[in-house]
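Enquirer: Structure in structure tokens, see below.
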Amino acid sequence: MIGSAVPRKEDAALLTGRGTFVDDIHRPGLLHMVYVHSGEAHALITQIDTEAARALPGVVGVWTARDFAELPARPSVPGLERGYLAGDKVHYVGEPVAVVVATDRYLAADAARAVRVEYEPLPVMATVADALAPDAVPIFAPLESNLALEQQVTPHDVADELDASPHRLRARLVNQRCAGAPLEPYGVLADWTGAGPTIWATVQAPHRVRAEIAERFGLARHLVRVIAPDVGGAFGVKSSFMPELFLAPELSRRLGRPVKFVETRGEHMVHTYHGRDQIQEVEVGFDDEGTILALDVTLTVNTGGVPDPVGIALATLTSYMLGGCYRIPKIAARFRSVVTNTTPTASYRGAGRPEASFLIERVVDLVARRLGKDPADVRRVNLVQPGEMPYQTPFEGIVYDEADYPAALDLLLDRLDYAGLREEQERRRADPGAKLLGVGLSTFVEMGGFGPTPLFEQFGYIGGWESANVRLQPDGSAIILVGTAPHGQGHQTALAQIAADELGVPFEAISVLYGDTAVVQEGIGTMGSRGMPVAGNAVRQAAADVAAKARLIAAHMLEAEGDDLVRVEAGFQVKGVPTAEVSLAAVAERSFKPHLLPAGTGLGLECTSYYEPSNLSYPSGAHGCVVEIDRETGHVHVLRYVCVDDCGTVINPMTARGQIHGGVAQGIAQALYEKVSFDADGRPLNASLEDYMLPGMLDLPGYETHHIETKSSFNPLGAKGLGEAGATAAPQAVVNAIVDALAHLGVRDVEMPCTPERVWKAMHHAS
Amino acid sequence: MRVEIVRVEITVNGQPHSREVEPRLLLVHFLRDTLSLTGTHVGCDTSSCGACTVMLDGVAVKSCTVLAAQADGCSVTTVEGLGGPDGLSPVQEGFRQCHGLQCGFCTPGMVMAATALLTERPDPSEQEIRDGLKGNMCRCTGYQMIVESVQWAAANGGAR
Ligand code: FES
Ligand code: FES
């Protein structure tokens with residue numbers, strides 16, 4: 001089954017309106033919780049008047065920060081503990097200030113509007129520059145300045161190497177702030193009955209959420225049940241520990257009734273954490289051929305008003321991936337995370353790695369431009385060769401697994417008809433009536449398969465492994481419990497495909513369950529492209545162990561040795577004796593008959609396996625984008641988008657294609673459309689889907705997808721993951737194409753999102 | 001303070017319903033909260049995303065832009081009303097065959113909009129599909145496989 005494009009098991013329910021998303025769940029006596037959000041970006045709270053709100057029909061109560069003073073802080077940067085609601089001051093527009101509970105969602109919203117909050121404004125620092133200005137006041141206590149973290153990632157600098165380089169150039173690149181904007185916003189339903197709560201939530205790591213909730217409430221973990229039901233997209237933004245995860249159970253406990261919180265979209269745009277927002281200052285040294293000799297990078301991350309423990313350190317991952325798929329002998333990197341009066345930032349599809357790939361892919365193009373060389377040629381001289389794999393990067397512990405970067409580039413150039421495009425580009429440049437044509441390349445590598453444990457512990461997880469329990473039913477069908485918590489990736493399907501091959505059970509006879517801490521053994525979750533490379537291997541291993549035990553029972557039934565059996569369609573057969581055959585169903589049933597089993601064999605066919613990856617995996621590939629640009633308006637139209645991806649073993653080509661498409665779509669959207677903006681007073685300028693440019697059908701192209709399959713030796717399945725590859729590869733493919741189209745005008749860079757206005761200005765103000 | 005109430009009679013998926021509701025109740029909340037038909041989703045508050053798309057007297061509408069009171073006397077079809085006991089409708093099947101959904105949150109609205117499109121244009125071009133569904137957002141698929149799903153449906157039974 002591995003490698004076959006079977007339709008998904010998840011689809012029947014989702015297509016008929018019988019999915020179960022958090023807001024679809026009803027409990028008797030259900031109450032609705034709504035926040036009062038700050039409309040100020042930086043201000044002292046002088047008074048909160050809740051009286052009018054309390055008097056409204058259906059209102060059960062209104063609470064402010066001091067009502068939760070007893071609850072230990074939510075997961076935070078040590079020393080920078082954050083509460084649930086703003087206390088003395090607000091740090092950004094959208095920060096929750098009070099919480100209202102009412103009998104229905106309309107009445108709760110009415111009451112939230114009736115809460116009067118009085119503020120004493122403080123100076124607003126909505127940008128990193130303002131927050132670091134000499135006269136800036138510290139935003140987040142107990143920090144004494146807005147520089148929340150400054151890290152030298154490498155112990156050395158590369159001043160000597162840059163001095164010794166025949167050429168060097170500098171660039172300042174901006175990777176703008178984006179909103180994850182899954183179509184289903186954040187939601188939580190908590191029902192505290194008896195000794196502890198059951199919590200349905202749109203989360204990516206239910207066991208971790210259980211641990212954090214249990215810790216806050218001083219409960220043993222078995223008393224807390226967290227269920228991630230169908231989750232309507234997440235893209236990393238549902239891995240942050242939002243206050244509602246704790247407030248809903250706390251209020252359910254106090255009120256003795258179930259409490260539901262579901263974000264509105266407008267709220268999502270200011271309340272749920274954003275991603276990216278990184279300024280990159282780069283200097284690169286290179287020789288006449290374009291061989292990169294040294295890279296010096298300073299990253300500045302806007303962490304927003306309240307530092308998030310993941311967000312504050314994401315630039316570490318950017319640093320590790322700075323070399324891309326190139327043999328760069330020496331890299332120096334440092335980063336700063338800066339507090340500003342904006343919504344906090346944390347994980348968003350790729351979380352730190354797309355920023356790195358963007359940086360190095362833009363730099364390679366700049367080097368090519370400086371030398372008057374073709375960007376494809378400069379890539380070629382720098383690419384790590386397949387014979388050098390596994391490749392030790394300049395960063396300790398960052399070792400790339402097997403891949404063939406040059407082959408991916410060659411296949412891409414061939415599929416693009418690169419030479420033909422270059423001719424067409426010249427032809428159009430010479431014809432003033434023609435739109436300008438540009439080709440952009442992105443030979444990318446990213447980091448997937450998160451784990452292993454020592455790395456993932458740093459992000460607060462108990463481990464970097466994943467778990468699977470495989471058990472055969474007496475009729476030979478199988479149920480698998482897996483520790484991931486997918487939100488669209490299709491794990492029910494892909495993991496059943498893996499198990500079907502190992503077990504010899506038909507795909508149709510396998511069910512995969514996840515996302516319920518009361519049902520599934522300890523698990524980690526879904527993020528960091530870890531589904532197939534980590535969970536896939538856990539399933540594979542557990543299934544293999546079950547199959548091995550089934551073989552022993554079959555051998556006993558056939559009065560043969562285990563080694564003498566071969567697998568056949570229905571079950572097991574004695575080698576060369578077609579009549580001596582037993583079905584897997586018969587073996588499964590026999591496994592429950594103690595008196596008929598070989599001596600010492602335990603009952604049942606079941607195994608739980610925890611798979612710890614030996615390392616991260618490194619999905620890679622080469623993407624190419626062809627754009628045309630209107631000379632009058634600066635409007636960019638993506639003519640073609642071509643992907644060559646190497647995610648190692650492809651489990652299901654159809655869902656793999658879907659993951660690539662979706663990631664590329666988000667990457668193109670970052671390049672052309674999306675940016676979360678604030679005015680100088682820290683007021684959001686596009687906090688709705690009317691104003692934030694989430695692309696629709698007419699805004700995105702078709703995608704041409706191709707694969708190179710280089711299996712990873714880092715895990716038995718050979719899979720590398722691909723959930724984040726498209727989002728990692730695409731932004732710079734598009735930007736490189738735009739700059740390429742305008743290169744003859746002297747354009748060197750266009751900042752994302754490359755709106756018609758920005759492109760037009762670049763065309764007219766270059767050189 | 002008294003909450004005002006109006007009576008509405010709305011036929012949903014062939015079933016008549018008579019309920020007392022607040023005049024401000026949106027049709028999408030009437031379907032989801034009053035009737036427990038939770039297949040119709042809410043993805044925004046600016047009528048931008050189309051997750052809430054249903055058919056109102058045969059026309060695709062965003063049910064977050066219609067008051068339940070305005071739908072009084074009307075007939076509504078939701079995603080739960082497509083297909084039948086013998087399986088998925090051609091549009092639903094097209095989405096399954098062509099992987100037109102990932103998380104599935106936009107899907108009910110997308111399926112309703114696609115069904116309405118195929119009713120009007122049984123054999124749409126790619127551009128007509130993209131035009132027809134431009135009011136429906138999907139954050140997961142990048143749209144191409146949705147286009148392919150609708151093409152599959154057009155070739156295999158259409159808007160049934
Ligand atoms: S919920 Fe109706 S358009 Fe978004
Ligand atoms: S499938 Fe997730 S939003 Fe469309």
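Enquirer: Once amide H atoms are built 1.01 Å from N in the peptide plane, which residues 5 or more positions from residue A:448, or in another chain, come under 5 Å H to H?
Expert: A:617, A:618
Enquirer: Then there's this: So what does the Cα-only Debye profile of the range B:90-155 read at q = 0.20 Å⁻¹, as log10 I(q)/I(0), no solvent term?
Expert: Values returned for q = 0.20 Å⁻¹ are -0.64.
Enquirer: Per-residue mean of other chain beta-carbon atoms within 10 angstrom of the beta-carbon, peptide A:653-660?
Expert: 4
Enquirer: How long are the three semi-axes of the equivalent ellipsoid for the range A:170-312, computed from the Cα gyration tensor as the root of 5 times each eigenvalue, in whole Å, largest first?
Expert: 41, 16, 13
Enquirer: On to the next question. Output the peptides A:47-54, A:730-737, A:356-363 sorted from most to least packed, where packing is the average of other Cβ atoms within 10 Å over each peptide's residues.
Expert: Highest-to-lowest ranking by the protection proxy: A:730-737, A:356-363, A:47-54.
Enquirer: Just how far, in whole angstrom, is the range A:60-117 from the range A:709-732 if you go by their alpha carbon centroids?
Expert: 41 Å
Enquirer: Is there a simple number for the mean count of other chain Cβ atoms within 10 Å of the Cβ of residues in A:226-234, and what is it?
Expert: 3
Enquirer: Quote the relative contact order of chain A in percent (integer), defining contacts as alpha-carbon pairs under 8 Å separated by 6+ residues.
Expert: 15 percent
Enquirer: How are the alpha carbon pair distances in the range B:6-81 distributed across 10 Å bins from zero to the largest one, expressed in percent?
Expert: Calculated over all Cα pairs of the range B:6-81, the distribution is 22, 61, 17 percent.
Enquirer: Got a sec to turn the phi values of the range A:102-112 into Karplus ³J(HN,Hα) couplings, 6.51 cos²θ - 1.76 cosθ + 1.60 with θ = phi - 60°, whole Hz, x for Gly and Pro?
Expert: 9, 7, 8, 5, 6, 5, 5, 5, 4, 5, 4
Enquirer: Given a cut-off of under 8 Å on Cα pairs at least six residues apart, what relative contact order in percent is computed for the range B:6-81?
Expert: 40 percent
Enquirer: Kindly rank A:59-69, B:25-35, A:239-249 from highest to lowest mean number of other beta carbons found within 10 Å of each residue. Walk me through the numbers on the way to the answer.
Expert: Details: A:59-69: 18.0, B:25-35: 22.7, A:239-249: 24.8.
Most protected by this proxy first, the peptides run A:239-249, B:25-35, A:59-69.
Enquirer: Whole Å is fine, so just give me how far the alpha carbon centre of the range A:153-207 lies from that of the range A:321-352.
Expert: That distance is 9 Å.
Enquirer: Which GluC sites (Glu not before Pro) from the range A:136-181 combine a DSSP loop assignment with at most 11 other Cβ atoms within 10 Å?
Expert: Loop-located and lightly packed - A:144.
Enquirer: Sticking with this structure for a sec: Across chain A, how many lysine pairs, 8 or more positions apart or on different chains, have C-alpha atoms separated by under 24 Å? Please give the number.
Expert: Within chain A, the lysine pair count is 12.
Enquirer: Could you give each residue of the range B:100-107 its phi-based ³J(HN,Hα) in whole Hz, using Karplus coefficients 6.51, -1.76, 1.60 with θ = phi - 60°, and x for Gly or Pro?
Expert: Along the range B:100-107, the couplings run x, 9, 10, 6, x, 6, 7, 4 Hz.
Enquirer: With +1 assigned to the C-beta of every Lys and Arg and -1 to the C-beta of every Asp and Glu, and no other charges, what is the dipole magnitude of chain A about the Cα centre in debye, to the nearest 20? The partial results should precede the final answer.
Expert: On the way: 65 positive and 95 negative charges, 210 e Å.
Magnitude of the dipole: close to 1000 debye.
Enquirer: Send over the Kirkwood Rh of the range A:624-721, from the inverse of the averaged 1/r over different Cα pairs, rounded to one decimal Å.
Expert: Evaluated on the range A:624-721, it is 16.1 Å.
Enquirer: Give me the compactness ratio for chain A, meaning the Cα radius of gyration over 2.2 N^0.38 Å.
Expert: Here the answer is 1.00, to two decimals.
Enquirer: How would you classify the range A:591-659 from its alpha-carbon gyration tensor, with a ≥ b ≥ c the square roots of the eigenvalues: rounded for a/c under 1.5, else prolate if a/b is greater than b/c, otherwise oblate?
Expert: Judged from the Cα gyration tensor, the range A:591-659 comes out prolate (a/c at least 1.5, a/b above b/c).
Enquirer: Suppose a student asked you for the relative contact order of the range A:215-312, using Cα pairs under 8 Å spaced at least 6 residues apart; what percent would you report?
Expert: Values: 54 pairs, mean separation 16.3, N = 98.
Normalised by residue count, the contact order of the range A:215-312 is 17 percent.
Enquirer: Please list, ordered by chain and number, the residues whose modelled amide H lies under 5 Å from the amide H of residue A:704; skip anything fewer than 5 residues away on the same chain.
Expert: Amide H to amide H, under 5 Å and 5 or more residues apart or across chains, residue A:704 pairs with A:641, A:642, A:643.
Enquirer: For the range A:172-180, what does the Karplus curve 6.51 cos²θ - 1.76 cosθ + 1.60, with θ = phi - 60°, yield as ³J(HN,Hα) per residue in whole Hz, taken in order and with x for Gly and Pro?
Expert: 10, 10, 10, 10, 6, 6, 10, 9, x
Enquirer: What does the average come to when, for each residue of peptide A:695-708, you count the partner chain Cβ atoms lying within 10 Å of its Cβ?
Expert: 5
Enquirer: So, one more: Using only alpha-carbon positions, what ratio does the radius of gyration of the range A:561-711 give when scaled by 2.2 N^0.38 Å? Could you put the intermediate results ahead of the total?
Expert: Values: Rg = 27.6 Å, N = 151, 2.2 N^0.38 = 14.8 Å.
So the Cα radius of gyration is 1.86 times the expected 2.2 N^0.38 Å.
Laboratory data are not the source of any read-out in this text; all were calculated from the coordinates shown. Everything numeric in this text was worked out from a predicted model, so none of it was measured. Because the Cβ atoms are built from the backbone with ideal geometry, glycine has one as well, and the counts that use them run over all protein chains shown.
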